[in-house]
1. Given the structure, is residue A:182 under 30 Å from residue B:52 (Cβ atoms), part of a helix (DSSP H, G or I) and of a type in the set (A, V, I, L, M, F, W, C)?
2. Determine which single condition residue A:68 fails, assuming it passes every other condition in (1) more than 12 Å from residue A:111 (Cβ to Cβ); (2) in a helix (DSSP H, G or I).
3. With segment B:36-135 as the region, which helices (runs of 4 or more DSSP H) entirely inside it contain at least 1 residues that are within 19 Å of residue A:161 (Cβ to Cβ)?
4. Is there a residue in segment A:142-150 that is surrounded by 24 or more Cβ atoms within 10 Å (Cβ to Cβ) and assigned to a helix (DSSP H, G or I)?
5. Quickly run through segment B:182-201 and pick out the residues that are outside any helix (DSSP H, G or I) and either hydrophobic (A, V, I, L, M, F, W, C) or crowded, with 21+ Cβ neighbours inside 10 Å (or both).
6. Inside segment A:204-256, can you point out the residues that are within 14 Å of chain B (Cβ to nearest Cβ) and small (Gly, Ala, Ser)?
7. State which residue is farthest from residue B:172 (Cα to Cα) when the search covers only segment B:196-254 and only residues that are among the hydroxyl-bearing types (Ser, Thr, Tyr) and at pLDDT 70 or above.
8. Does segment A:174-199 hold any residues that are within 19 Å of residue A:152 (Cβ to Cβ) and of a type in the set (Val, Ile, Thr), and which are they?
Amino acid sequence: MSFPFFQYEFLQNAFITGIMIGLLAPVLGVFIVVRRQSLIADALSHITLAGIAANLMLGRNVGFFSGLNPIYMGMVFSVGGAVGIDQLRKVYKHYEELAIPIIMSAGIGLSVIFISLANGFNTDLFNYLFGSVLAVKKSDVWTIFFILLIVFAFVIFLYKELFVLSFDEEQAAVSGIKGKWINFFFIVLVALVIASSMKIVGILLVSSLMTLPVAASIRLANGFKQTFLLSVVFGETAVILGLILSYYLDFAPGGTIVMFSVIILLLSLLWKKLRSNRKIAINQ
Amino acid sequence: MSKQYKPAVRIEDLSFHYQDRNVLEHITFEIPVGSFMGLVGPNGSGKSTLIRCLLGLLKPQSGNVYLFGQPLSLFKNWDEIGYVSQKANSFNTAFPATVYEVVSMGLFGKVGLFRFLNKVHKRKIEQAIETVGMADYMNRNIGELSGGQQQRVFIARALVSDPKLLILDEPTVGVDAASVAGFYQMLKNLNREKGLTLLLVTHDIGVMSDFVTHVACLNKQLHFHGNTAEFEKVSKEGFSQMYGHHVHVLEHQH
């Protein structure tokens, strides 16, 4: 049984997109996790859903929107949510995490209303919620490729600044690093990556691809750079295995990708435990 | 004060208050270049606030701050100032960064936006780590080290940009007693051998006074400011009076 990668264009689209996301999500995820903002991805994915639902609703009534790839409207909402979180954090200086449930519930509330207005669920929406191997279009591939270029330019050229800001904002301020706009661009990029990942992983599971590979690598890695490397290896492994399995079993890929991430996480915990047990045994 | 004389820090009539609470009242003092100044005072005496004002992290309601003769608002050479904050003790210890990576952060401001570390920088990072005696731990995760070792790493991070002034805010909190003397000795050597101006903030004058050259005592107002010899004299003459009801904090005998 050979995998018909070269036979079907839809599989190529799905895999190329998946591999790009397997790179993007964990890279940004490392910064999110070490800043203890893991839930940000959840809040932004739910506001993205509102954008998708809005587009589906408008598509029924306005011709222009029915031809438009909903991913763009998702991005608009997601970036809007990112700006909202940034603003709310300034309002609630001492309760910064409050911004996340506020944006998240606003996102779900809006989604429910738009979905109701669009006369309920359909297969399109199902694909956005849980991901799909079939639904990735050529235009999605190019959009995500473009985002990949932006994110990599940002992370490579501002690596130092992102690193200090994640470790110690006060130190960053003393060494003259202007954290405000870097933090802002960062959260906007997270919003874009989330909106672009949802075709493959699905809105409900996007955040797991940002956090689970990092959660696994943070236990094993020595240093910050190694954390990136391992996170990407884990992320890509989960995406590729998950896509293959979802193709053969005809499951939504969101589920299989996330479950592979969970398995990798469990294996990393087990590995760490065995290794530290051995260390204790040697010391004794 | 002649025009040529530029102390590392000069604070003129600085006052700071949060909404209804005065924290600092009319503080005026200088840190001469090359000195090792101990800034002491009980908890809540405004020491950290004063430091944050002179770093520009807080804006005082009145008064002026000069760094190396320049008004704070015009001061740009932040790589000349090393700062080890009190918070260094409570950072995210699970942060996945090696000692080398943490120390490299001290150079980022100097290297500048969109630029990368070169070989000279890398050598500097290694030297700073050697200076604080942590060369054997270069590639270990910061979280695996003891409190005293972590604090040395943060000093290395502050030293790596070749500062002229190093400010340490309660650096020995969370460091085991046995390491504290060695830690102060290391600071004393930096001051003597490298001519580094040091400002050490602490509530513990007992240990500190054996190592510093100058002392300033703060409790909202500045109660004493001078070199160590004068300080010893004053303290024998009932220095603790100045602290009023905070006397208990100063009951360390010399």
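1. When the stated conditions are applied, residue A:182 passes them.
2. (2)
3. B:99-111, B:119-131
4. The first filter runs over segment A:142-150 and keeps only residues surrounded by 24 or more Cβ atoms within 10 Å (Cβ to Cβ), leaving A:144.
Next, from what is left, pick out any that are assigned to a helix (DSSP H, G or I): A:144.
The answer is yes; a qualifying residue exists.
5. If we filter segment B:182-201 for residues that are outside any helix (DSSP H, G or I), which is where we start, we get B:195-201.
Hits for segment B:182-201 are B:196, B:197, B:198, B:199, B:200, B:201.
6. A:215, A:216, A:217, A:221, A:223, A:231
7. B:228
8. Scanning segment A:174-199 gives A:182, A:187, A:188, A:190, A:193, A:194.
The values are calculated or read from the model by the stated rules, or taken from the named source; none is laboratory data. Keep in mind that this is a model prediction, so the values were computed, not measured. Neighbour counts are summed over all protein chains in view; Cβ atoms, including those assigned to glycine, are modelled from backbone coordinates with ideal geometry.
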